[in-house]
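Data first, discussion second: the structure below is written as structure tokens.
The values are calculated or read from the model by the stated rules, or taken from the named source; none is laboratory data. As the structure is a prediction and not an experimental result, all values here were calculated from the model. Surface areas here come from the heavy atoms of the whole protein model, side chains and all, with no ligands, DNA or RNA. Shrake-Rupley method; radii C 1.70, N 1.55, O 1.52, S 1.80 Å.
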Amino acid sequence: MNITFNKLREIKHSLPHGSISKIAHDLEIDEQYVRNYFGGTDIHSGNDIAGIHKQPGPDGGIVNIDDTTILEKAQQILRESQLV
């Protein structure tokens, strides 16, 4: 899947408070891994993101995502938050 970096960041910033923790807990992964997935840069934590490939371009560049599980979980949270 391809998405612009700016759109990926927009999704992250649209998530309700605590969503990063919820995604990490639900998927049984580290919170910093989820932050890095959405463009974080904490490479010292050992949470590099495999399957994320960034290319320069408009809107912050293009991000090619091999595994969309985290993104799908974030989109689910956004849909649920709109129903409230």
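Couple of notes before you dig in:
- Cα shape, the chain, gyration tensor, a/c 1.5 rule: oblate
- Probe 1.4 Å, protein heavy atoms only - accessible area per residue of the chain in square angstrom: 63
- Expressed as a whole percent, the accessible area of the chain that falls on carbon and sulfur atoms is 49 (1.4 Å probe).
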